[in-house]
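The structure appears right after this line, and notes come after that.
The values are calculated or read from the model by the stated rules, or taken from the named source; none is laboratory data. Here the structure is a predicted model, which is why all the values come from computation and not from measurement. Here the Cβ is made from the backbone with ideal geometry for all residues, glycine too, and neighbour counts use every protein chain on show. These area figures cover heavy atoms from the full protein model, side chains too; ligands, DNA and RNA do not enter into them. Shrake-Rupley method; radii C 1.70, N 1.55, O 1.52, S 1.80 Å.
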Amino acid sequence: MAAACPCGSGASFADCCRPYLRGQADAPTAEALMRSRYTAFVRRDAAYLASTWHPSTRPLDVAEGLDEVEWRGLEVLGTVRGLEGDDAGTVTFVAHHATGVLTVGQHRETSRFVREDGRWLYVDGDVS
Ligand SMILES: [Zn+2]
């Protein structure tokens, strides 16, 4: 059986986020991009995170801190626009993480995405 995708979609990694991380396809929706970026955090794929981060908000060192957090699961709570015919959208999610054996927590964010030249990009988000 193929490995499940880390983003929790229920599909296998090969049928879900892998084509995006490999640059074989562009995520068609803001949610698909958000899920693929979560998978990139899980896999510590700084190059993919950088390539899907809007240049206006991208950190100088995307890889900084990537190794310090172990991601444990993703729940997408809702989306506004961000579909194939849109050029902007938001995705609200909770990502569960651990920063050590005993320190578990969650990161809840409403992320903003824009589509430029046909590709969705992460802009920024409101953490709640
Ligand atoms: Zn996935």
In the range 6-36, the residues that are touching a strand residue (DSSP E or B) at 6+ places or on another chain (Cβ under 6 Å) and either modelled with pLDDT under 95 or within 11 Å of the ligand (Cβ to nearest atom) (or both): Cys7, Gly8, Ala27, Glu31, Leu33, Met34
Which numbered condition His96 misses (of (1) in contact with a Lys or Arg (Cβ under 9 Å, 6 or more places away or on another chain); (2) open to solvent by 80 Å² or more (accessible area, probe 1.4 Å); (3) not acidic (Asp, Glu)): (2)
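Residue-by-condition table, conditions (1) charged (D, E, K, R); (2) out of contact with any helix residue (DSSP H, G or I) (no Cβ under 6 Å at 6 or more places or on another chain); (3) open to solvent by 30 Å² or more (accessible area, probe 1.4 Å):
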| residue | (1), (2), (3) |
| --- | --- |
| Asp26 | yes, yes, yes |
| Met34 | no, yes, no |
| Ser51 | no, yes, yes |
| Ala63 | no, no, yes |
Count - residues of the range 113-128 that are in a strand (DSSP E or B) and open to solvent by 90 Å² or more (accessible area, probe 1.4 Å): 1
Test: residue in the range 70-78 that is on the phi > 0 side of the Ramachandran plot and either surrounded by 14 or more Cβ atoms within 10 Å (Cβ to Cβ) or of a type in the set (Ser, Thr, Tyr) (or both): yes
Helices (runs of 4 or more DSSP H) enclosed by the range 1-75 - at least 2 residues per element that are in contact (Cβ under 8 Å) with a residue 12 or more places away in the chain and in contact with a Pro (Cβ under 6 Å, 6 or more places away or on another chain): 30-43
Checking Arg81 against (1) open to solvent by 30 Å² or more (accessible area, probe 1.4 Å); (2) touching a helix residue (DSSP H, G or I) at 6+ places or on another chain (Cβ under 7 Å); (3) of a type in the set (D, E, K, R), the condition it does not meet: (2)
Residues that are more than 26 Å from Gly10 (Cα to Cα) and not in a loop (DSSP other than H, G, I, E, B), drawn from the range 76-112: none
